[in-house]
Structure formats: structure tokens, C-alpha cells
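First up is the structure itself, then whatever we jot down about it.
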Amino acid sequence: MSRLETSAPAKINLSLRVLGKRDDGFHELDTWMVTLPGLADRLTLEDADCFSFTCDDPALPTGEGNLVVKALRAFESAAGISWNGRIHLEKRIPHGAGLGGGSSDAAALLMALNDLAESPLPHDRLVETAASIGSDIPFFLGGGSTRCRGRGEVLEDAPAAPGWRLLLLKPSFAVATPDAYGRWASASPLPGISHGPQTHDGVELVNDLEVPVFGKHRFLAELKQWLLDRSEVSAALMCGSGSTVFAVLRDGTDGEHLARCARQELDPGLWHWCGAIRP
Ligand code: C5P
């Protein structure tokens, strides 16, 4: 009887540049992504007579549309095997948050299945299979600190992740990624909101999806500006296509206290996570 438990970390984009729209409908990117090992989902795989997939978050659909199930099907077809077993997912990363939770779950499952089946897929086939399910899934096969180009699947080494302490804040609404990219070409900046690059410890922080997403979700612009106006915060940026915004905390800042202030002053329903990029 084999049982495997694996962790699927969240990511943030320290920078995300959209270079243009491609003929295949995707957008050409140049983005620096780093994983957050301290904020992670957990996947458990166990042998069983038939396949089942369960999740502790009842809001998440567990059918064939779930990225975990898509990853299983893609693995089966690439490796030419059929896997019967139980998969259980414990969600800690909010979805529709720009934190890559679903993509990370899919990558963790691909790696776990390949391990259990004694590596039928070499690394390049695993990357190809990951890219066939979603643009940022190849990144999560290696994680860490990576520069991602193309539609996100072309990976290059990046400098080591900075050891910053972060506060992540997310309202209860989600942002649909296709909608964020769909608004990119025609969006214009909101007055009074800082969208330009911020430099912290020699790192340029910028996210080209802020303009299109803030145009539709004004609250996220307000949240970012509220963080930037606080003396405890060195920099603030939307994560991926939103709806999470992260703040880089100055030394000695009590992130839990800042999260309480944000709930009191902005939205009592804000989700938060506080921790270091490298724990
Ligand atoms: O690849 P993934 O399924 O994660 O992408 C979700 C959607 O986000 C795509 O269907 C597309 O609308 C948009 N997208 C894009 N350019 C990218 C990545 C995603 O336009 N590089």
C-alpha cells in the first residue's frame, strides 16, 4: 500500500511585464516568480481500487474541470498508464487570488504520480505535460525563484529570492485570469494610484496587470494605495492577476497588527497571510 503526501506552495510575481498579445490568444510575458513555501496546499495520494478526488474546501469543484484531475488525465495519457487511487487536497491557498494555487496543486500531483510510477516521464516530458494544462504549471515543477517568459512556460534561472517578510491581503471576491488579460490592451491607469515600478533592495517591483484589474476592481487599487501610504510598508503590489495584494514589511513590523488595521479600516472580510518569502 503506498501513500504519498506532498506540499504545493503559493507563488508571487515580483515583477510581471506583459509584452504583447500573441497570435494564439495568449500574452507574451516576462515575469519573475518566487514560491512561498510557508503558504502551501497539501495533497495526499493513496492506492485504492478506484479513483476518487476530495477536497476540504466545499467551494471547489472536484470534477474533471479541476486542475488536479486535468493533471491526472494528462499524466495518464503522456505516460500511457491508468492510475487508480484516492487523492485528497487540503486547500490553504485561496483561489482566484493570483497565488497560483490550482497550478501548484497540478504540478505537485504530476511530480507525485511520476514518483509513484517510478519516473515514466523524463523531466522535459513532465514540463511539456505541465504546459499542456496551464501556463504557469511548468514553473511549479521546480519552484524557487525563476524568470518565466513566453506565455509563462519558458523558464530561466533568476537571482535568489529576497528574504523579505510579507503581508498578503485578499478580499472575498476573486479575479478571473482571462478577464484580467482581456482588459490589458485597452486599460488606462486610475488617477491617484501608483502603478509604476517600485525599487526595493535593488529589486524592481511592477505588475502590468494592475491597470486592467484595478479599472474593474477599484477596491484593489484602494487596498494597494492604503498599504503604500503606511510607514510599515516598503512596497506593495498585486499578485499575478489578483485579487491578492502583497506588502513588503519593514523590519520590526507586526504584520498581524497591520492585517487587523486593514480589516478595521477597509474590509472586515479580508483574508490574510503573514510570513517570509524564505522561511
Ligand atoms: O494558461 P492558463 O490556463 O493558466 O491561462 C488562463 C487564461 O489566462 C488564458 O486562457 C488566457 O486568457 C490568459 N493568459 C494569457 N496569457 C498568458 C497566460 C494566461 O492571455 N501568458
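The values are calculated or read from the model by the stated rules, or taken from the named source; none is laboratory data. Keep in mind the model is a prediction, meaning the values are calculated, not measured. Positions of Cβ are generated from backbone atoms using ideal geometry, with glycine treated the same way; all protein chains shown enter the neighbour counts. Protein only, heavy atoms only, side chains kept; ligands, DNA and RNA dropped before computing areas. Shrake-Rupley method; radii C 1.70, N 1.55, O 1.52, S 1.80 Å.
At a glance:
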{"quantity": "Scope the stretch 27-46; condition within 16 Å of the ligand (Cβ to nearest atom) and touching a helix residue (DSSP H, G or I) at 6+ places or on another chain (Cβ under 8 Å); matching residues", "calculated": "His27, Met33"}
{"quantity": "Subset of the stretch 190-237 (residues that are under 26 Å from Arg260 (Cα atoms), more than 20 Å from the chain's Cα centre (by Cα) and of a type in the set (Val, Ile, Thr))", "calculated": "Ile193, Val233"}
{"quantity": "Members of the stretch 174-199 found to be of a type in the set (S, T, N, Q) and open to solvent by 40 Å² or more (accessible area, probe 1.4 Å), listed by number", "calculated": "Thr177, Ser186, Ser188, Ser194, Thr199"}
{"quantity": "Check on Thr54, modelled with pLDDT of 95 or more, closer than 23 Å to Gly142 by Cβ and not aromatic (Phe, Trp, Tyr)", "calculated": "no"}
{"quantity": "Subset tally (residues that are of a type in the set (Asp, Glu) and within 16 Å of the ligand (Cβ to nearest atom)) for the stretch 1-26", "calculated": "2"}
{"quantity": "Answer residue from the stretch 32-56, given it is farther than 16 Å from Thr6 by Cα and more than 20 Å from the chain's Cα centre (by Cα) and is most open to solvent (accessible area, probe 1.4 Å) among those", "calculated": "Asp49"}
{"quantity": "Residue tally, condition in contact (Cβ under 8 Å) with a residue 40 or more places away in the chain and open to solvent by less than 70 Å² (accessible area, probe 1.4 Å), over the stretch 63-79", "calculated": "8"}
{"quantity": "Any hit, the stretch 87-95, residues being crowded, with 18+ Cβ neighbours inside 10 Å, closer than 21 Å to Gly143 by Cα, of a type outside the set (Lys, Arg) and away from the ligand (no atom under 16 Å from the Cβ)", "calculated": "yes"}
{"quantity": "Only listed residue being modelled with pLDDT of 95 or more, more than 12 Å from the ligand (Cβ to nearest atom) and over 23 Å from Asp157 (Cβ atoms), chosen from Leu109, Leu99", "calculated": "Leu109"}
{"quantity": "Pair list, Cβ < 7 Å and 6+ apart or interchain, from the stretch 1-28 residues that are without any contact (Cβ under 8 Å) to a residue 60 or more places away in the chain to residues that are in a loop (DSSP other than H, G, I, E, B) and within 9 Å of the ligand (Cβ to nearest atom)", "calculated": "none"}
{"quantity": "Verdict on Pro159 being more than 15 Å from the ligand (Cβ to nearest atom), surrounded by fewer than 20 Cβ atoms within 10 Å (Cβ to Cβ) and of a type outside the set (Asp, Glu)", "calculated": "yes"}
{"quantity": "Pairs, first in contact (Cβ under 8 Å) with a residue 12 or more places away in the chain in the stretch 49-62, second among the basic types (Lys, Arg) and open to solvent by 40 Å² or more (accessible area, probe 1.4 Å), C-beta under 6 Å, six or more apart", "calculated": "Ser52/Arg86"}
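Residue-by-condition table, conditions (1) over 17 Å from Gly240 (Cβ atoms); (2) within 16 Å of the ligand (Cβ to nearest atom); (3) open to solvent by less than 20 Å² (accessible area, probe 1.4 Å):
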| position | (1), (2), (3) |
| --- | --- |
| Leu121 | yes, no, yes |
| Ser132 | yes, yes, no |
| Ser145 | no, no, no |
| Glu153 | no, yes, no |
| Ser172 | yes, no, no |
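Residues checked against (1) among the aromatic types (Phe, Trp, Tyr); (2) surrounded by fewer than 17 Cβ atoms within 10 Å (Cβ to Cβ):
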position	(1), (2)
Ser231	no, yes
Thr244	no, no
Asp254	no, yes
His257	no, yes
Ala262	no, no
Trp271	yes, yes
